[in-house]
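Data first, discussion second: the structure below is written as structure tokens.
The values are calculated or read from the model by the stated rules, or taken from the named source; none is laboratory data. This structure is a prediction, so every number in the text was calculated from the model and none was measured. Here the Cβ is made from the backbone with ideal geometry for all residues, glycine too, and neighbour counts use every protein chain on show. For accessibility, only protein heavy atoms count, side chains too; no ligands or nucleic acids. Shrake-Rupley method; radii C 1.70, N 1.55, O 1.52, S 1.80 Å.
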Amino acid sequence: MYQRFQQIMKADYHLTPDTRIVVGVSGGVDSMVLLHLLCQLPENMRPTIHVAHINHQLRKESLEEQEFVTQYSKERGLPIYIGVWDSGLTIKKNVEQEAREFRYHFFEDVMQETNSQMLLTAHHKDDHIETVLMRLIQGNQLKTLSGIATSRALGNKYQVMRPLLSFSKKELYVYAANENIPYYEDGSNFSDDYLRNRIRHYVRPMLENENPNIGESIVRLAKEVNQQAVVIESLLKPLIDTLITYQNNTWHLDYLSLKRHNLAIQSEVIRYLLTDVQEKTKLSVGYEHVNQIVGMIQNDKPNLTGQLPNNWLIEKTYDSITVSKKSHNTVKHQKIHLEKNQGAFLSDTQWLGMFEVGKETLPEELKSWQYKEMVYTCGKNHSIRVRKREAGDRFVYNRKGQTKKVSRYFIDEKIPIKLRDLSWLVFDEKGCLLWLLPFRESYLSIEYETDKIQYKLVYLYQEDE
């Protein structure tokens, strides 16, 4: 086993004594074998090793395992970094996911502190096989059936590497026994509370009764899925680059152009989009969301909204489908009354003031916000009312005094629902609509009268990041 491991490290890792690495060591047989193998590398290949151990505080043995890994590392002159997960004492839900997030955040911190280039973890072939089966049972997308990758990015600077993926758990136990490597057996590995354990204890043995080589078949399948995903992505990448843009944590899909292609290509482009969303946001997305977007594209309605987990939205407008976080732009009031030379917040990111011309006073902290204004004339003792739109609202849109429903204007101008919901209606004290904020002024507001006082409405707003 050691010779195979050394060949892998020589071919794929190119380690030298100047290479600085972090090794995740739990104290179990997998990570203890990995640490031992790394320490056995010849001097010209042996990197500078930093041990990182997580005490999840989920079991009574956790502290004992922490002390064991600490002592083992110190005896070999290896610096060790301990992360203690305080939530482990009380957490009841999503334990595996929350623990994983804490673990990798801690690993990233250790890598930054030690100026290391890569993190090595002890995932092995059986983990790889079980992961494929888990994702198959959970109904995940085809691309995820490639299982555990030999490497992946961690943040923007680091790499996670898995040099034991070609070794079985049985091989690790045999190597540990032959080399007298101490380790702790995690009692939770025997619990049926976790899907991975149920697959290990029941599903895989049942499959092996039908095909003793099912593990190798799954490994080959995962490899083929990965290769085909690479081929599909490379062929579609030029098209994807023209259809999908990503900026400020928002994805835009040019669905009108995508609609010209057949359904298979549409689905693949959408899968690429949602996979990117999943990787960047950790959202759980699947077939139902692919089908949801396909359905939006086929639907003739110009404005549609769909839901993703954790308050993320899929929104179809006239020329684009966007995926973005639901705005927390809290409306302060549904109705606002302003006297002259006053201002007020409409929402967290919107402010409106009404001033006599020449007497504008804007809040200092808002001067970096975007700016719109409207000048109009009126008599003395003037005030305005501001409210959200209601059914039947109309405004004067031409010199003839003809009116149009606000709802019709939104449709005619193809204004997205998200922007419609941010709009406000500004009325004078007689109830005439002056401004459909921020889109256009009523025609009445443009008719200046020189014998009356001029007023200025100032609208400040902050665009979503």
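Annotations
- Evaluation of Tyr173 against (1) outside any strand (DSSP E or B); (2) open to solvent by 50 Å² or more (accessible area, probe 1.4 Å); (3) farther than 26 Å from Glu67 by Cα; (4) not aliphatic (A, V, I, L, M) (one fails), failing number: (3)
- Where strands (runs of 3 or more DSSP E) fall entirely within the stretch 304-405, those with at least 1 residues that are within 29 Å of Gly431 (Cα to Cα) and open to solvent by 20 Å² or more (accessible area, probe 1.4 Å) are at 335-339, 342-347, 350-356, 370-378, 383-387, 394-396, 403-405.
- Residues that are hydroxyl-bearing (Ser, Thr, Tyr), farther than 11 Å from Ser26 by Cα and either open to solvent by 60 Å² or more (accessible area, probe 1.4 Å) or over 34 Å from the mean Cα position of the chain (by Cα) (or both), drawn from the stretch 47-89: Tyr72, Ser73
- Some residue of the stretch 420-433 being over 23 Å from Lys359 (Cβ atoms) and modelled with pLDDT of 85 or more: yes
- The set of residues in the stretch 33-46 being buried (at least 20 other Cβ atoms within 10 Å of the Cβ) and in contact with a helix residue (DSSP H, G or I) (Cβ under 7 Å, 6 or more places away or on another chain) consists of Val33, Leu37.
- Considering the stretch 90-101, and only residues there that are surrounded by 11 or more Cβ atoms within 10 Å (Cβ to Cβ) and within 11 Å of Gln57 (Cβ to Cβ), the residue that is farthest from the chain's Cα centre (by Cα) turns out to be Ile91.
- Cβ-Cβ contacts under 7 Å between residues 6 or more apart (or on different chains), taken from a first residue in the stretch 233-258 that is closer than 27 Å to Glu463 by Cβ and open to solvent by less than 30 Å² (accessible area, probe 1.4 Å) to a second residue that is of a type outside the set (Gly, Ala, Ser) and part of a loop (DSSP other than H, G, I, E, B), are listed as Leu243/Asp254.
- Comparison of Thr275, Thr322, Thr349, Thr281 shows that the only residue that is hydroxyl-bearing (Ser, Thr, Tyr) and over 28 Å from Ala229 (Cα atoms) is Thr349.
- Subset tally (residues that are in contact with a Leu (Cβ under 6 Å, 6 or more places away or on another chain) and either in a helix (DSSP H, G or I) or surrounded by fewer than 19 Cβ atoms within 10 Å (Cβ to Cβ) (or both)) for the stretch 424-436: 2
- Checked against (1) closer than 30 Å to Lys326 by Cα; (2) open to solvent by 30 Å² or more (accessible area, probe 1.4 Å); (3) part of a loop (DSSP other than H, G, I, E, B), Val285 meets all criteria but (2).
- Exactly one residue out of Ile148, Ile181, Ile137, Ile129 is over 23 Å from the mean Cα position of the chain (by Cα) and crowded, with 18+ Cβ neighbours inside 10 Å: that is Ile129.
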